[in-house]
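The values are calculated or read from the model by the stated rules, or taken from the named source; none is laboratory data. What you see is a predicted model; the values in this text were computed from it and never measured. Because the Cβ atoms are built from the backbone with ideal geometry, glycine has one as well, and the counts that use them run over all protein chains shown. SASA here: full protein model, heavy atoms, side chains in, ligands and nucleic acids out. Shrake-Rupley method; radii C 1.70, N 1.55, O 1.52, S 1.80 Å.
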Amino acid sequence: MADRDALPLPLEVRARLAELELELSEGDITQKGYEKKRSKLLGAYLPHPSGLEASLAHERRPPMAPSSASRYHRRRSSGTRDERYRSDVHTEAVQAALAKHKERKMAVPMPSKRRSLVVQTSMDAYTPPDTSSGSEEEGGQGEGTPTSSQGSVSMEHWISRAIHQGSTTSSSSSSTQSGGSGAAGRLADVLAQTHVGKSENHSAPPDVTTYTSEHPVQVERPQVSTVPRTTPKYGNAELMETGDGVPVSSRVSAKIQQLVNTLKQPRRPPLREFFVDDFEELLEVQQPDPNQPRPEGAQMIAIRGEPLGVVTNWPPSLEAALQRWGTISPKAPCLTTMDTNGKPLYVLTYGKLWSRSIKVAYNILHKLGTKQEPMVRPGDRVALVFPNNDPAAFMVAFYGCLLAEVVPVPIEVPLTRKDAGSQQIGFLLGSCGVTVALTSDACHKGLPKGPTGEIPQFKGWPKLLWFVTESKHLSKPPRDWFPHIKDANNDTAYIEYKTCKDGSVLGVTVTRIALLTHCQALTQSCGYTEAEIIVNVLDFKKDVGLWHGILTSVMNMMHVISIPYSLMKVNPLSWIQKVCQYKGKVACVKSRDMHWALVAHRDQRDINLSSLRMLVVADGSNPWSISSCDAFLNVFQSKGLRPEVICPCASSAEALTVAIRRPTDDSNQPPGRGVLSMQGLSYGVIRVDSEERLSVLTVQDVGTVMPGALMCVVKPEGVPQLCRTDEIGELCVCSIATGMSYYGLSGMTKNTFEVFPMSSSGAPISEYPFTRTGLLGFIGPGGLVFVSGKMDGLMVVSGRRHNADDIVATALAVEPMKFVYRGRIAVFSVTVLHDERIVVVAEQRPDSTEEDSFQWMSRVLQAIDSIHNVGVFCLALVPANTLPKTPLGGIHLSETKQLFLEGSLHPCNVLMCPHTCVTNLPKPRQKQPEIGPASVMVGNLVSGKRIAQASGRDLGQIEDNDQARKFLFLSEVLQWRAQTTPDHVLFTLLSSRGTVLSSLTCLQLHKRAEKIATMLMERGHLQDGDHVALVYPPGIDLIAAFYGCLYAGCVPITVRPPHPQNIATTLPTVKMIVEVSRSACVMTSQIISKLLKSKEASAAVDVRSWPPVLDTDDLPKKKPPQLYKPSNPDTLAYLDFSVSTTGMLAGVKMSHTATSAFCRSIKLQCELYPSREVAICLDPYCGLGFVLWCLCSVYSGHQSILIPPSELEVNPALWLLAVSQFRVRDTFCSYSVMELCTKGLGLQTESLKSRGLDLSRVRTCVVVAEERPRIALTQSFSKLFKDLGLHPRAVSTSFGCRVNLAICLQGTSGPDPTTVFVDMRALRHDRVRLVERGSPHSLPLMESGKILPGVRIIIANPETKGPLGDSHLGEIWVHCSHNGSGYFTVYGDEALQSDHFNSHLSFGDTQTLWARTGYLGFLRRTELTDASGERHDALYVVGALDEAMELRGMRYHPIDIETSVIRTHKSIMECAVFPWTNLLVVVVELEGSEQEALDLVPLVTNAVLEEHYLIVGVVVVVDIGVIPINSRGEKQRMHLRDGFLADQLDPIYVAYNM
């Protein structure tokens, strides 16, 4: 420290500097302003040109040898959780623990953050908006000086070495270009080297990442360049599965590899026993450690304080005392207040206090309301709202209330309408029935005002009358009016507010007799005498400050010098100066004030503290206050401070003063100390630590029990049973001088104020009730009371107790502290998966870099793990000045927790460690050796279950006058229609405005198809059987081209055209389909043909390798010589190409027989006839969408109204308006169309109604899909358009897949689709268990429509291929005349998929040929009957086998996890999950500011843990629209995975959970 001051600085410069530091620490000025002012001040004295460089230059010097004083010059700090926590021993312990960790360093991958986020955490962005925020904070004194503890230097050294030797470029630089990946690779190398995975003393632990149990070995350096990388073939998504094909230099995967390696490290040994969570997924129950310490002492005996000596001249009540001094010695000073310069502002004498209090009492009772109806009567409650710098006005108002016999409720001044916690105070006032608030003139002027000058109603507050108590505003009481002064009785004297752990505010009532007895007990134990001078730095509205500085002082006619908090901020030494100036005998302070004085005292020569006989340390019950006391004594002993003067006390709102150390004259009797083992404490046992010295808690005694009180220690949970002598429990006190109740809450009052402790025999130890103090501790030898923590700060993690304060202390002991603010760390626990999990939140300094903070975070995790043997679930850093504050500047804990839980904390750094903390997950499922399919069948028969099979109506049996049946080929049907009904309109195409763009009659279509056939033969020179790619936008040209191909004997393939705005990504797919389908030519429109040959196209693909491109905009005039007629109906009619959601491109062969059977099946199911109109809003390129768009009208003769889905982006109402306008009864759409309508028209239903939109004629609205029905979407669609006449039963879904384009489709007749609820946990085990709606873990599944005519379904085991019983989950197999006849692929890997189209059951009916759909589902026979009177069999689709994830031996469907994630936060618009090397990766799209990105990480992790018992490995937050979705509205999860692993997503944030 000394080396910074190159020239000796004059005193006033030093004082100004100290003030600056304080302003900065409070957040009153910004870091920039501070630097500027500081360098200005020091400019003249520093040899260096800039103060900043100077301090940087010093940073690298070796630490100075610490002199005894300079040891305490360490980094200046404060806040309500500050130096109280600093203990050198503890800091050294933490450094040692970290040094131990150095050997087995955990390689924690650093999260990636988009640059915009990194930039925003720079200083300017976080200059606090209200610089007045009163955070108690330290400045930057000695920021750069190395610490005195040697351990930290070596720590620094190896960490900086690891980082510098590895990554020169910042690894958190923007991830858009992959240039940074090399550095990341190096970072991964370094981290991999610093981590040794061999652990000696463990037997092989269960490996998190694989199921084989192997010893983790030294992790190899990831090879950056030597992986042979072959270009992936089309659609082969399998490449990435094993991680073999992943380029390891890619930044993302190197980090994931690192994460996997870290997770392979040995964990604590697994635990054995389970409890059942309603079902067979067993959550492990923490088993008590057999070696845990147990209490061995005898049962404790309650300890009595000395008797309360009755002094003859003690007043009978506090008002009587005031009356006595006000009349006997009116000139005696009662209270001196200070201004912000430390000059006395005002002296309140006892005479003035007496007369003014009378005036206030009179005005409260007589001048509010009317004479008949006074607003306040004796016994009513009134609020006291006074600022912290005006104790005199508060004192007058308080005694005024006592004299008027009304009950004062002192509260904080509300600064804004939404202060942290102020709403809860409002609730307290409301429940106390407060209608009047007393306040001072200045405070009244400072309250926020509405436009007309009235004070607004604060959020949650009752309506209040604000009454100013200054004398000049009050009426003089009449001569004959005099307050009635009684002896103290059991009426309530005042109510003190208390904030609970959960943020709620309670009012503790204190009776007049308790108030008086408490003053007497304090007088006796502190030895107070008349006219003594007492310096008070504490808040005088509550707690120790109120009891000593307002109440007991008046009883003894003492003189209080009150030091406001605002003065302490400017001059931290002010209280010591006042003690010297006034020769104060007593001072009441917190450890914070002692610490501030240490920092500021420098070489003030004239300090003399020999007058002090007692220094009351109000927060002595915080075990960490001992370090401040020791340090203070160390420095000020030379200034006359005697060791025996320091008197820590313990207090609580409920029990008032619990214990206080007496000021003795005998300096030989040293105070009590205990060095306790943290390990023991976590089991609630007192063990004096001997062996380790690392994890210890040093506690000091807080003196002995209060006079007249009885104290015992009871077990914190369950019945209040006495503890043993070596056990930690809650201190309970039996005394007149305690709180009486929580106002208005009788139940809680009983549990706190009316406790009857019991001995081990079960007998109560006293007939009088005890009060719980909320303090944890024990009574040591000699009756000394020791406090080890508070009940409110207690966190019980897997059966062990940890105190939040201890964890704060450990975090603070991790050097270097320069990345976070000392006084601003919050520790609390959240409940996730049946256990408490620890969360640490700290404010990050604006000037620290990502790497610094991340390094600090990882070391905090290690330190807490070593010292407390507990894992931190989440560690979050937030920008400076953003945590909610309490009125006196500490961190508002419950508000912080609330923000964390609701996802509005907006951290700038997050580290989650669920892998280390969550040890109670169910055991991974071991797959049982499969029972043979035969025994399954027998088992089903024995248990009376039928084999799960079902079928639609039999096509052969149905008699109908279907003329089209006599033709084998669709081309013949078209020719027949062109002859018999030439002018019948088959197709109508709509524009985006809803007008008819074009239409086709039977004859027009026939003629057009003929011309196209001529063109194919003449210009294209094609043979029959050649393949032709049709690249058209959705419309009529596509249909004509399709029939043209049939007329020419060619095989058409419909291909979605490239998107003109997005050629680079869409054109390669077109090219791929053209190549894979071996198309001999491409038919298209003129515009698209130009696009295919454009400059942009040549950048994306090799344009020269296209087959001939024919454009059909100018057709030849003549018709072909003759139309082709296929010789055999089993030849190929067309190829159906599509990309599956897993990224596989597959072409399915459809024969003429299958095509006709398909059309007939749909005609029968939907009752389609030439007089019908059907509206179709689907993409016409594959599956059922293509069949409905191009084929069905020609077969059945109905009119199809075609609505291209892309037009809905321009006009979302287009589809529904068309349905209404054309009075359509049947309509088909896709999920993406339904979603567009739900989102785009949600607020427009009224205006649509006024435009005459009417959906009452619709009887079937079918969503065409190849997935599990999206119930939430169909239901919200039905609800939304119910007002427009849509019948809720009309909406249903269909189900098709690659092998069979439509298996189910809700037709016109038949029962409505049913919905069942299944247990999600059973599904993971491939079992179906039906549960009630709304039961936990229930999942609604809707039937996928009715099975089509001619379709047979069976459910088979995908592994053994045996048939399964009813309600068993298995693969859906289908036998049907419209099945595809096989894949058309070019790689000759048919062998792989050959069984997709022709499988046989391994048992039972082994003859039938089945096609495997690749989807899991189950059949269930319902109570409903279908048209033929048979019971109806419902098919429920659960999900695709390809998409299902095997994690922990169970089968998860991505959609279930995604649904849970989307529910967690309003800003998550979309989510996709995929597995990577047994890690679950969750990608969420964020709608909102990037500052919210990190809020999502804990929420997502918690939700997936709670609902699915899975630990999320990586959370990726991306922009809206990054998750790829295909035309059917399905997520392309494998594309997303490949993009993520190739580092192409440009994520906002990537978090790697440990």
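A few points about this structure:
- Reported count of residues in the stretch 759-780, each being within 15 Å of residue 301 (Cβ to Cβ) and free of Cβ contacts under 8 Å to residues at least 40 places away in the same chain, is 3.
- Applying the set (1) buried (at least 21 other Cβ atoms within 10 Å of the Cβ); (2) closer than 26 Å to residue 381 by Cβ; (3) modelled with pLDDT under 95 to residue 495 leaves exactly one unmet item: (3).
- The conditions of being of a type in the set (A, V, I, L, M, F, W, C) and more than 41 Å from the chain's Cα centre (by Cα) are not met by residue 427.
- Among the candidates 883, 877, residue that is in contact with a Lys or Arg (Cβ under 7 Å, 6 or more places away or on another chain) and modelled with pLDDT of 90 or more: 883
- Taking (1) assigned to a loop (DSSP other than H, G, I, E, B); (2) in contact with a helix residue (DSSP H, G or I) (Cβ under 6 Å, 6 or more places away or on another chain) in turn, residue 874 satisfies each apart from (1).
- Answer from 1248, 1217 - the residue that is assigned to a helix (DSSP H, G or I) and open to solvent by less than 10 Å² (accessible area, probe 1.4 Å): 1248
- Residue check for residue 439: of a type in the set (Ser, Thr, Tyr) and in contact (Cβ under 8 Å) with a residue 40 or more places away in the chain: yes
- Residue in the stretch 1304-1321 that is among the aromatic types (Phe, Trp, Tyr) and closer than 22 Å to residue 1228 by Cβ present: no
- Of the criteria (1) modelled with pLDDT under 90; (2) in contact with a helix residue (DSSP H, G or I) (Cβ under 7 Å, 6 or more places away or on another chain); (3) farther than 20 Å from residue 529 by Cα, which one residue 671 fails: (2)
- Qualifying residue in the stretch 904-916 (condition: among the hydroxyl-bearing types (Ser, Thr, Tyr), crowded, with 18+ Cβ neighbours inside 10 Å and within 20 Å of the chain's Cα centre (by Cα)): yes
- Complete set of residues in the stretch 304-344 that are under 30 Å from residue 568 (Cβ atoms), open to solvent by 20 Å² or more (accessible area, probe 1.4 Å) and under 55 Å from the mean Cα position of the chain (by Cα): 339, 340, 341, 343, 344
- Residue that is without any contact (Cβ under 8 Å) to a residue 40 or more places away in the chain and either surrounded by fewer than 21 Cβ atoms within 10 Å (Cβ to Cβ) or hydroxyl-bearing (Ser, Thr, Tyr) (or both), where the choices are 1507, 1487: 1487
- Only one entry in 851, 815, 836 is open to solvent by less than 10 Å² (accessible area, probe 1.4 Å) and charged (D, E, K, R), namely 815.
- Count of residues meeting criterion [buried (at least 24 other Cβ atoms within 10 Å of the Cβ) and either farther than 23 Å from residue 805 by Cα or at pLDDT 95 or above (or both)] in the stretch 690-713: 6
- Yes/no for residue 1086 being open to solvent by 60 Å² or more (accessible area, probe 1.4 Å), at pLDDT below 85 and over 43 Å from the mean Cα position of the chain (by Cα): no
- Residue count, the stretch 563-578 (criterion: touching a Leu at 6+ places or on another chain (Cβ under 6 Å) and either open to solvent by less than 10 Å² (accessible area, probe 1.4 Å) or within 28 Å of residue 516 (Cα to Cα) (or both)): 1
- Cβ-Cβ distances below 7 Å connect the following pairs, each with a first residue in the stretch 294-316 that is over 14 Å from residue 726 (Cα atoms), a second residue that is open to solvent by less than 50 Å² (accessible area, probe 1.4 Å) and hydroxyl-bearing (Ser, Thr, Tyr), and a separation of six or more residues or different chains: 305/704.
- Of all residues making up the stretch 9-24, the number that are of a type outside the set (Lys, Arg), under 19 Å from residue 598 (Cβ atoms) and open to solvent by 50 Å² or more (accessible area, probe 1.4 Å): 3
- Residue check for residue 426: surrounded by fewer than 19 Cβ atoms within 10 Å (Cβ to Cβ), in contact with a Phe, Trp or Tyr (Cβ under 7 Å, 6 or more places away or on another chain) and touching a residue at least 24 places away in the same chain (Cβ under 8 Å): no
- Of all residues in the stretch 1347-1368, those being open to solvent by 10 Å² or more (accessible area, probe 1.4 Å) and not in a strand (DSSP E or B) number 9.
- Residues located in the stretch 573-589, provided they are closer than 16 Å to residue 606 by Cα and either under 48 Å from the mean Cα position of the chain (by Cα) or assigned to a helix (DSSP H, G or I) (or both): 573, 574, 575, 576, 577, 578, 579, 580, 581, 582
- Residue check for residue 506: open to solvent by less than 40 Å² (accessible area, probe 1.4 Å), touching a Cys at 6+ places or on another chain (Cβ under 7 Å) and either in contact (Cβ under 8 Å) with a residue 24 or more places away in the chain or not hydroxyl-bearing (Ser, Thr, Tyr) (or both): yes
- Selected residue (criterion: farthest from residue 1224 (Cα to Cα)) from residues of the stretch 978-999 that are open to solvent by 50 Å² or more (accessible area, probe 1.4 Å) and not in a loop (DSSP other than H, G, I, E, B): 979
Conditions tested, residue by residue: (1) in a loop (DSSP other than H, G, I, E, B); (2) closer than 19 Å to residue 432 by Cα; (3) open to solvent by less than 20 Å² (accessible area, probe 1.4 Å).
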{"residue": "348", "(1), (2), (3)": "no, no, yes"}
{"residue": "356", "(1), (2), (3)": "no, no, no"}
{"residue": "359", "(1), (2), (3)": "no, no, no"}
{"residue": "376", "(1), (2), (3)": "yes, yes, yes"}
{"residue": "383", "(1), (2), (3)": "no, yes, yes"}
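- Some residue of the stretch 738-746 being assigned to a strand (DSSP E or B) and open to solvent by less than 20 Å² (accessible area, probe 1.4 Å): yes
- At least 3 residues being over 19 Å from the mean Cα position of the chain (by Cα) is the threshold, and among the strands (runs of 3 or more DSSP E) wholly inside the stretch 1418-1533 those reaching it are 1431-1440, 1445-1447, 1450-1452, 1468-1476.
- Within the stretch 464-480, if we keep just the residues that are under 18 Å from residue 375 (Cβ atoms) and not β-branched (Val, Ile, Thr), the residue that is surrounded by the most Cβ atoms within 10 Å (Cβ to Cβ) turns out to be 467.
- For residue 1020, the conditions (1) more than 60 Å from the chain's Cα centre (by Cα); (2) assigned to a helix (DSSP H, G or I); (3) under 30 Å from residue 1139 (Cβ atoms) all hold with the exception of (2).
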